[in-house]
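One structure is given here, and the rest of the page talks about it.
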Amino acid sequence: MSDEDEEEPAVTLGDRTPVEGAPLARVTSRLTWPKEKSEVDRLEGDSTIRTPDGPRELSAVLEEVDETYFQRRQEFETHVREVIGTGPIPTADE
C-alpha cells in the first residue's frame, strides 16, 4: 500500500497535549479483586492518578476513602471518584 492510497483520519486529533498521571481505570486494571484498601495502597499507592484538580498520588487519595474493603473494581473506583470528583482533566498547558 503506497502513501497515496492511505486516507486521512475521519477526525482530526490535533496536537498531543501531555496529561500528568495515569487514568484511574489503568491503575485499577492491574489489580485483582476483592482487595483491602491497605493492599491497594501497598501495591499501587505510589501511582499518580489523573484528577480534575491535577495529578495526585493514589496513597493520598486512599487516606480520604472511608471504606476498608472493596469487593469489585467498580466499587473501588466509585469510592475514589467520590474523593477526587469527576470532570475534565487539566493538561500540562492549562
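Of note:
- Enumerated helices (runs of 4 or more DSSP H) restricted to segment 13-82, each holding at least 2 residues that are more than 12 Å from the chain's Cα centre (by Cα) and surrounded by 12 or more Cβ atoms within 10 Å (Cβ to Cβ): 37-44, 58-62
- Residue count, segment 1-57 (criterion: at pLDDT below 95, among the acidic types (Asp, Glu) and touching a strand residue (DSSP E or B) at 6+ places or on another chain (Cβ under 8 Å)): 1
- If you filter segment 83-94 down to residues that are among the aliphatic types (A, V, I, L, M) and in a loop (DSSP other than H, G, I, E, B), you find that the one that is farthest from Glu36 (Cα to Cα) is Ala92.
- Residues being among the aliphatic types (A, V, I, L, M) and under 21 Å from Thr86 (Cα atoms) - total across segment 41-58: 2
The values are calculated or read from the model by the stated rules, or taken from the named source; none is laboratory data. Given the structure is predicted, the values throughout are model-derived calculations rather than measurements. Counting neighbours? That spans all protein chains shown, and the Cβs are built from the backbone with ideal geometry, glycine included.
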